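Have a look at the structure below, then the notes.
Values quoted throughout were computed directly from the atomic coordinates according to the rules given, and no laboratory measurement underlies them. Note that this is a predicted model, so its numbers are computed, not measured. Positions of Cβ are generated from backbone atoms using ideal geometry, with glycine treated the same way; all protein chains shown enter the neighbour counts.
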Amino acid sequence: MEDLKLNLSRNLRPQNAARSSHFLRLLRLFVATLPTDPPPAPSTGHERCSRVTLMKRSPATAFSLTAIVLSLGLTAATLFSQDKTLADPAAPLEYFPVPSTGTSTAPYSAAVRLGDTLYVSGQLGTVPGKGLAPGGIAAETRQTLENIKAILERHGSSLDQVAKCTVFLADIKDFAEFNAIYREYFKNASALPARTTVATSLVIGARIEIDCIAYVAPKK
């Protein structure tokens, strides 16, 4: 049991520690409910095995054992499937740099892929090579989403595959106008990305910045 605990702690990510502890508790409970050594052989000479002893346990105990086994399987599957990407050498981190402007190099990537997930850095409403799109929050929102769309499609994803957006507004009063443009790009009411919107100061006088996380199909 201690060897299993050590192996789990070495191979699972820190955020799965609670799940691994749950797994170990279930395993201990399962071991505790297993039948002990078989009773002495009866005078008739017929031997009995622990399997027979287990079969003679009450239906409630048998049901509990079954539930524990199923829980062990489900917990183990969750733990190891969640760590599959990091453990799989065929799925390393891929970094997609920000296109160079010739004057400076951005200290971050435009996007990073990890397995079937694409993380897109925050995008402003800038027209490539020209600066912020003129026209206020509506124009900047549209250009921001176009920039995100271009990055997603460049790396095998799309707006339809976005799972989460984080929106930063320079002025929360722009929320309604921003939201109207946002709806034009995410039209499927039954499959809208999760979203967080906050108001904060932004660089170069931008009125909006959006980053996102999207699904990307595995490479063949």
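Numerical summary
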item: Whether the stretch 95-146 is rounded, prolate or oblate, judged on the alpha carbon gyration tensor where a/c under 1.5 counts as rounded; result: oblate
item: Cα-centre dipole for the stretch 93-215 with unit charges at Cβ (Lys and Arg positive, Asp and Glu negative), debye to 20; result: 60
item: Global form of the stretch 93-215, assessed from the alpha-carbon gyration tensor, a/c cut-off 1.5; result: oblate
